[in-house]
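Following: one structure in C-alpha cells, then a few remarks.
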Amino acid sequence: MLEAIGAALAGVHFGVPLAYYWRARGWLRRGWGIREDGGYAPRVTVVIPTYNEAENIARRLDNVYQQDYPRDKLEVIVVDSASTDGTADIAERWARQHPDLKVVVLREEKREGKAKSLNRALRLASGDVVVIADADALWAPDALRRAVAKLADPSVGAVSCVKKPLAAYGIEDGYRGYYNVLRVAESKAWSTPIFHGELAAFRREALEAVGGFPTDIGADDSHTATLIALRGLRAIVADDVACGEAVPRRGYHAWRIRRAQHLLQHFWKVLTRPKTPRQFKAILYTEAYLHVVNPWLLPAAVALLLTSALTGSIPAAALLGIGAVMTAYKPYRTWMAAQIYLIAAAVRNLWTKEIVWQKHDKSNGHGAEDPAIKASAPTPRGAEP
C-alpha cells in the first residue's frame with residue numbers, strides 16, 4: 001500500500017510538469033498576436049536600484065547609454081540605498097561625463113527594500129514607459145527598443161526579457177534554458193506570471209493602476225506584472241529581448257533560495273485575488289501549483305518508498321534505485337535542485353521574507369563576449385521545432 005501511494009505521488013510530481021512542458025512547447029509555435037511597432041518611441045525612464053554596486057554601476061550605465069533608442073527620449077534614475085562603497089558618487093560622475101543623457105541619482109539614507117526604492121523613483125519618473133533594471137545585469141544593444149516596440153500594442157501592459165547567465169556555474173545554464181522556454185511559451189499563449197528584474201518594462205498607466213510595486217513581498221517584478229495581467233493586459237517575456245544575468249559563484253545556493261522565497265510569496269499573494277482572466281487561469285494556477293505544492297510530493301514519495309523498501313518491497317527499492325541512477329542525467333539533477341530550493345524557500349519564508357537581503361558577491365559573474373548581450377537574442381533551449 002505505501003509503495004503504491006509513493007509511486008503515485010512520484011508519478012504526479014514528475015508527470016504534471018512534464019505534461020505542462022509538452023503543452024508549452026506547442027504554444028511556442030503560435031504567433032504573438034500583437035501589433036509591434038519598431039518606430040514607437042515614447043519617453044522611457046530606466047530605474048536602476050543599487051546597493052554597493054561600485055564595481056558594476058558605470059558598466060551598467062554604459063550599457064543603457066549604448067542602447068539603440070533615441071537618447072532624447074530616455075532618462076535614467078539611479079536609486080542608491082545607502083551604499084558604503086561610493087556607488088552614488090560614481091553614478092554622479094558618470095552623469096557629468098555624459099550630459100547628453102539625463103541621469104538622476106537619488107540617495108536614500110537607509111535600506112528599506114528594493115520595492116520602496118522603485119516607488120520613490122516612480123514618483124520622479126517622467127517616462128510613459130518605466131523600465132526596471134538590475135545594476136549587475138546587461139542588455140543586448142537592441143533590448144530596450146524591442147521591448148518598447150511591443151508596448152505599442154494597447155493590449156500589452158508589461159514586457160520582460162529572456163536571460164542567460166553571464167557566467168554559468170553548475171546547473172544554472174541548463175536551468176535557464178528550460179525556464180526561458182516556459183516563460184516565452186506562456187507569453188505566446190497569453191501572459192506569464194514570472195518576470196525578470198534584469199529588464200522589466202511597464203506601461204506607465206498600467207503600473208500606476210496597480211499601485212506601483214508591492215512593498216510587502218520580494219517579487220516586485222513578477223507580482224507587478226501579474227497584477228497588470230489580472231486587469232486584462234498582457235504581461236509577456238519576449239524571445240527577442242535578451243539580457244545577461246550575473247550569477248554568484250559564492251553564495252549561489254542562498255541566492256537561489258532567496259529568489260525562490262520571493263516567487264512563493266508572489267504566488268501565495270496573487271492566489272487571493274478574486275478574479276483571473278480566462279486566458280490566464282490555466283497558466284497562473286499551474287505555475288502556482290508547480291511552485292507551491294508540487295515540490296512537497298517528492299519528499300513524501302521518497303519517504304513512503306523508503307519505508308516500503310526497508311520492509312522488503314523490491315518494487316519500492318527499484319524505484320529508489322532508478323531515481324539514484326537518474327542523478328547522472330543533468331536535466332534530472334537540475335530539476336531536483338530546483339525542488340530542493342523551493343522546499344527550503346518555503347521553510348525559510350516562515351521566519352523571514354528577505355525583503356532587504358544580504359548582497360551576494362557576483363564579481364566573477366560577467367562575461368564580455370556572452371551571446372546574451374549581443375544584438376540577436378538566443379533561442380530558448382528546447383524551442384527548436
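The values are calculated or read from the model by the stated rules, or taken from the named source; none is laboratory data. In this text, all values refer to a predicted model and were calculated from it rather than measured experimentally. Cβ placement follows ideal geometry from the backbone for every residue including glycine, while neighbour counts extend to all protein chains displayed. In case anyone asks, the SASA skips ligands and DNA or RNA and just uses the protein heavy atoms, side chains included. Shrake-Rupley method; radii C 1.70, N 1.55, O 1.52, S 1.80 Å.
Being under 23 Å from GLN358 (Cβ atoms), in a strand (DSSP E or B) and at pLDDT below 95: is that true of LYS110 here?
So LYS110 does not fit the description; no.
Restricting to region 307-324, give me the number of residues that are of a type in the set (Val, Ile, Thr) and closer than 27 Å to VAL292 by Cα.
If we filter region 307-324 for residues that are of a type in the set (Val, Ile, Thr), which is where we start, we get 307, 311, 314, 322.
Then keep just the ones that are closer than 27 Å to VAL292 by Cα; that gives 307, 322.
Going through region 307-324 one residue at a time, the tally reaches 2.
Condition first: surrounded by 16 or more Cβ atoms within 10 Å (Cβ to Cβ), of a type in the set (Val, Ile, Thr) and more than 25 Å from ARG93 (Cβ to Cβ). Can you find one or more residues in region 30-41 that meet it?
There is at least one residue in region 30-41 that is surrounded by 16 or more Cβ atoms within 10 Å (Cβ to Cβ), of a type in the set (Val, Ile, Thr) and more than 25 Å from ARG93 (Cβ to Cβ).
Condition check: of a type in the set (A, V, I, L, M, F, W, C) and buried (at least 17 other Cβ atoms within 10 Å of the Cβ). Does LEU18 satisfy that?
Numbers: of a type in the set (A, V, I, L, M, F, W, C): yes; buried (at least 17 other Cβ atoms within 10 Å of the Cβ): no.
In short, no.
I'm told LEU264 meets every condition in (1) open to solvent by less than 10 Å² (accessible area, probe 1.4 Å); (2) modelled with pLDDT of 95 or more; (3) within 24 Å of ALA140 (Cβ to Cβ); (4) within 15 Å of the chain's Cα centre (by Cα) except one. Can you identify the failing condition by its number?
It is condition (3) that LEU264 fails.
Whether any residue in region 299-307 is of a type outside the set (S, T, N, Q), touching a helix residue (DSSP H, G or I) at 6+ places or on another chain (Cβ under 6 Å), within 27 Å of ARG23 (Cα to Cα) and open to solvent by 10 Å² or more (accessible area, probe 1.4 Å) is what I want to check.
Taking every residue of region 299-307 in turn, at least one turns out to be of a type outside the set (S, T, N, Q), touching a helix residue (DSSP H, G or I) at 6+ places or on another chain (Cβ under 6 Å), within 27 Å of ARG23 (Cα to Cα) and open to solvent by 10 Å² or more (accessible area, probe 1.4 Å).
Given the criteria over 22 Å from LYS114 (Cβ atoms) and not small (Gly, Ala, Ser), does ASP80 qualify?
For ASP80, the condition - over 22 Å from LYS114 (Cβ atoms) and not small (Gly, Ala, Ser) - is not met.
Taking region 323-342, which residues are at pLDDT 95 or above and among the aromatic types (Phe, Trp, Tyr)?
Within region 323-342, just TYR341 meets the criteria.
Pull up region 262-286, narrow it to residues that are among the β-branched types (Val, Ile, Thr) and assigned to a loop (DSSP other than H, G, I, E, B), then point me to the one that is nearest to LEU342 (Cα to Cα).
THR272
Considering only residues that are within 17 Å of GLN339 (Cα to Cα) and among the aliphatic types (A, V, I, L, M), look in region 242-261 and name the one that is surrounded by the most Cβ atoms within 10 Å (Cβ to Cβ).
Out of the qualifying residues, it is ALA260.
Quick one: which of LYS116, LYS102 is over 24 Å from PHE195 (Cβ atoms) and of a type in the set (Lys, Arg)?
After ruling out the rest, the residue left standing is LYS102.
Among residues belonging to region 51-83 that are touching an Asp or Glu at 6+ places or on another chain (Cβ under 9 Å), surrounded by fewer than 23 Cβ atoms within 10 Å (Cβ to Cβ) and of a type in the set (A, V, I, L, M), point out the one that is farthest from LEU199 (Cα to Cα).
Step by step, filter region 51-83, then rank; the result is ALA82.
Would you check which residues across region 70-84 are in a strand (DSSP E or B) and among the charged types (D, E, K, R) and list them?
The answer is GLU75, ASP80.
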